[in-house]
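Accompanying notes for the structure given below.
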Amino acid sequence: MAILMPATHSNAAPRTPANDAEVLEKLPIRAADSTARELAALRAAVAKAPNDAALATELAQRYFDLALAQGDPRYVGYAEAVVTRFGAVLPVPLLTLRGVLRQYRHDFAGALKDFEAALVLVPDYAAAHAWRGAIYLVEADYGAAQKECAALQGLGREALAGACLGLLQAYSGQLAAGYTTLQQTLRQTVDADSRLWLLTRLGEVAAWRGQDAAAQAHYREALSLGRDDVYLLAAWTDFLLDAGQSAEVVRLLAKWESADSLLLRLAEAEALLKLPEAVRHQKMLVDRFAAARARGDTTHRAEEARFELRLRRDAPTALRLAQENYAVQREPRDARVLLEAAVAARNSASAQVVRDWLQRSGFEDARLRSLARASESVGSSGDKK
């Protein structure tokens with residue numbers, strides 16, 4: 001249901017190895033791992049039955065799940081290859097999954113076309129409604145999101161409907177109601193992945209409400225499920241950074257260099273603590289962002305804006321990137337980086353789009369509203385008053 005902030009994973013510019021024996025990179029999954037064995041078995045099954053839509057969907061979905069868990073978008077590429085090889089005419093599950101992969105790349109228009117096509121074929125296909133709702137929430141199109149929540153409710157998909165409605169309420173000026181809806185949905189949910197998502201979102205909503213103890217409890221319960229999830233770790237470590245617990249962030253993320261969104265937070269914490277590793281990690285981020293630009297990959301702009309603002313102290317560049325990002329996705333964290341960059345760059349006009357959203361939506365987070373007020377008191381177009 002949630003659209004997660006993708007992380008890029010690459011090392012500077014592409015390079016051709018000197019010989020076939022040269023090792024370019026070791027993948028995080030070893031041959032002895034159960035996940036590797038599972039993937040090998042699925043690939044073999046798909047190779048034997050290339051026209052079996054169920055097998056192709058299972059393999060592609062497994063790759064996508066790994067991308068979300070580990071923050072490694074190469075798995076998205078593998079999933080895309082499975083979908084592409086299946087053929088031009090896709091059955092509804094693969095059509096929907098192609099839409100999911102497109103939204104990961106921030107091709108929201110393409111994703112919505114796929115979900116619409118899936119619903120033409122199967123009007124009660126809940127996954128397509130849920131993902132459309134997720135995209136509309138990211139785009140701050142709350143009227144369209146409400147229709148998808150209602151569609152899920154009408155299909156009797158209580159868990160999906162509750163997740164959709166709870167987040168919609170939280171984003172649109174009803175934090176208390178959203179929190180209650182998400183709690184009620186959690187009580188009705190036994191699936192571990194769904195519980196992890198709900199607990200993570202409850203942590204975010206509690207933090208927006210200023211209820212730090214409740215937020216911490218939700219995040220810790222999500223972590224206790226023992227499942228890798230980059231979005232959870234990003235949300236939790238953002239909470240810790242805001243609380244001044246940089247040392248805990250370093251401890252949690254020391255082994256997560258491969259996920260750029262987490263490497264960014266690790267580098268932030270290290271810089272705050274003045275640790276020597278901060279320099280190396282910042283250089284890694286510079287290289288990865290440069291490589292992403294070379295590939296035409298724009299999914300990292302929010303992270304790069306935050307990097308330029310908090311670590312390189314380049315407010316004008318951060319503001320440009322934050323504006324480009326906000327033109328595509330407009331969740332609270334996207335609003336925050338734009339407001340922070342506007343304040344740092346002393347450019348009040350650039351933050352007007354976020355102030356307008358706060359006015360329309362009624363979003364209640366005190367930190368964002370304080371930043372919005374601060375952005376009104378700085379100069380326009382970079383000029384000091």
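Within region 114-142, residues that are open to solvent by 40 Å² or more (accessible area, probe 1.4 Å) have Cβ atoms under 6 Å from residues that are not in a helix (DSSP H, G or I) in these pairs: D124/L155, counting only partners at least 6 apart in sequence or on another chain. Checking A222, A145 one by one, the residue that is under 26 Å from W357 (Cα atoms), of a type in the set (G, A, S) and buried (at least 18 other Cβ atoms within 10 Å of the Cβ) is A145 and no other. For region 169-188, a residue qualifies if it is of a type in the set (A, V, I, L, M, F, W, C) and open to solvent by 10 Å² or more (accessible area, probe 1.4 Å), and the qualifying residues are A176, A177, L186. Just one of the listed residues (R195, R209) is within 19 Å of the chain's Cα centre (by Cα) and farther than 26 Å from D260 by Cβ, and it is R195. If you go through region 238-289 and keep only what is surrounded by fewer than 22 Cβ atoms within 10 Å (Cβ to Cβ) and among the aromatic types (F, W, Y), you end up with F239, W256. Output the residue which, of all residues in region 291-318 that are over 23 Å from V343 (Cα atoms) and open to solvent by 40 Å² or more (accessible area, probe 1.4 Å), is farthest from the chain's Cα centre (by Cα). Top of the filtered list is A294. Evaluation of G156 against the conditions (1) within 30 Å of G244 (Cβ to Cβ); (2) assigned to a loop (DSSP other than H, G, I, E, B) shows that the sole unmet condition is (1). Answer with yes or no whether A345 is in contact with a Pro (Cβ under 6 Å, 6 or more places away or on another chain), more than 29 Å from V76 (Cβ to Cβ) and either open to solvent by 50 Å² or more (accessible area, probe 1.4 Å) or of a type in the set (A, V, I, L, M) (or both). Criteria met by A345.
Among the residues making up region 69-93, a single one is touching a Leu at 6+ places or on another chain (Cβ under 6 Å) and acidic (D, E): E80.
Out of A267, A342, A302, one residue alone is more than 23 Å from F108 (Cα to Cα), small (G, A, S) and in contact (Cβ under 8 Å) with a residue 40 or more places away in the chain. It is A267.
The values are calculated or read from the model by the stated rules, or taken from the named source; none is laboratory data. The model shown is predicted, which means the values in this text are computed figures rather than measured ones. All Cβ positions, even for glycine, are placed from backbone atoms using ideal geometry, and neighbour counts span all protein chains on display. Heavy atoms of the whole protein, side chains included, go into the accessibility calculation; ligands, DNA and RNA do not. Shrake-Rupley method; radii C 1.70, N 1.55, O 1.52, S 1.80 Å.
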